[in-house]
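The values are calculated or read from the model by the stated rules, or taken from the named source; none is laboratory data. A quick note: this is a predicted structure, and the numbers were derived from the prediction, not measured. Every residue, glycine among them, receives a Cβ derived from its backbone with ideal geometry; neighbour counts consider all protein chains shown. For accessibility, only protein heavy atoms count, side chains too; no ligands or nucleic acids. Shrake-Rupley method; radii C 1.70, N 1.55, O 1.52, S 1.80 Å.
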Amino acid sequence: MSNQYVIVPQNYRSDSMVSISPADKRYFEQAQAKQKSPPQQMIFGGYSPSPSLQKSLSTQLSEQSMDDFGRMQKDSDTELVVQYILQLRDTDKREQALSELSKKRESFPHLAPLLWHSVGTIAIFLQEIAVVYQHLQPAQLTPTQSSRICSVLGLLQCLALHVQTRSCFLRAHIPLFLYPFLNTSNKSKAFENLRVTSLGVIGALVKGDDPEAINFLMQTEIIPLCLRIMKKGQELSRTVATFIVQKILLDDNGLNYICQTPERFFAVSQVLQTMIDDLHQSQKDDQRLLRHIIRCYLRLSENQKAGEVLKKYLPQVLKDPTQSFIKDEVVKKWHNNLLQNLSIK
């Protein structure tokens with residue numbers, strides 16, 4: 001297996017994803033100069049955990065969770081889940097066990113702690129992920145392989161969502177193992193399912209508005225990877241990627257970070273503009289995607305320096321307050337708030 005598939009891609013920098021004219025860059029910097037807030041000391045890539053993150057992951061279980069495990073042992077459903085977890089160690093039974101465990105994600109609330117604290121289970125998940133890397137380039141992923149790895153990713157999503165395992169999940173840097181999947185461009189169903197499910201894991205991390213998760217993701221390549229998918233991906237993957245960017249923008253540190261430099265701001269705003277143009281020209285009624293796009297624009301407008309620039313670069317179709325293609329009442333309200341923030345009548 002080539003090491004190039006194991007290393008997190010380093011060439012997708014936000015600063016390199018968009019070409020900015022000298023005039024546009026000066027325009028942004030003039031708006032930025034009016035602000036006195038200190039720059040954020042974050043960059044894409046190179047996450048470095050603080051010393052406080054070096055504690056043993058085994059200490060993460062609270063007394064309450066131990067009581068929960070005691071009660072679970074009397075549950076027949078728990079016994080079945082435990083059997084599936086044990087079957088993961090048998091390569092002949094692993095695929096079926098992965099599928100059955102994935103089906104238990106919503107019905108069995110203690111699945112995530114059991115998976116995390118069972119010996120060797122996370123290593124097995126990472127082994128399953130690593131096996132797929134060799135099928136990414138050239139694109140040779142079969143539907144069967146895609147289904148199997150999507151079961152693994154579904155279980156990782158369970159770990160990312162659960163309050164008792166989310167921090168452990170981040171401290172182990174497990175999201176980084178998914179980035180090669182997001183860096184694919186093959187449009188087959190097998191690869192699209194792989195991208196969507198991988199994005200679902202990241203989406204689970206940001207869904208709870210956890211500052212630790214947002215800060216972790218900002219220091220990795222997730223924003224430029226999401227922008228790439230938003231620009232060129234298929235419908236569902238574009239929607240999930242836009243949701244992730246939206247959740248990062250809704251965090252104060254995330255908003256300040258993206259609005260700190262013209263390269264980052266234009267990388268985001270130009271992709272949003274491309275998506276609006278695509279929706280308008282194709283007359284495609286994708287209200288869910290439109291909802292996330294408008295919310296991203298509204299959040300950008302809440303940053304003073306970004307708002308001054310956005311007034312000039314907002315897509316023309318969005319400058320009309322009576323746009324009929326926005327049908328959701330909440331989104332219409334966001335759109336009106338956006339125009340008010342930009343002083344557009």
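Here are a few things to note about the model shown:
- Solvent-accessible heavy-atom area per residue, rounded to whole Å², over region 215-344 at 1.4 Å: 38
- Out-of-range pairs (alpha-carbon distance over 19 Å; input 207/319; 104/187; 187/207; 319/345; 231/284; 103/247): 207/319; 104/187; 187/207; 103/247
- Over region 79-208, accessible surface divided per residue gives 41 Å², non-protein components excluded, 1.4 Å probe.
- Most positive-pole-ward Cα, 151, 116, 194, against dipole of region 79-208 from beta carbon charges: 194
- Spin-label model distance (nm) - residue 340 vs residue 167, 7 Å beyond Cα toward Cβ: 3.9
- Solvent-accessible area assigned to carbon and sulfur over region 144-228 amounts to 51 percent, based on a 1.4 Å probe.
- Surface composition of region 251-345: carbon and sulfur make up 42 percent of the accessible area, probe 1.4 Å.
- Ordering of 184-195, 278-289 by packing [mean C-beta count within 10 Å, highest first]: 184-195, 278-289
- Label sites at residue 26 and residue 282, each approximated as a point 7 angstrom past Cα along Cα to Cβ, lie 3.8 nm apart.
- Efficiency of FRET from Cβ geometry, residue 119 and residue 77, R₀ 35 Å, rounded to 0.05: 0.95
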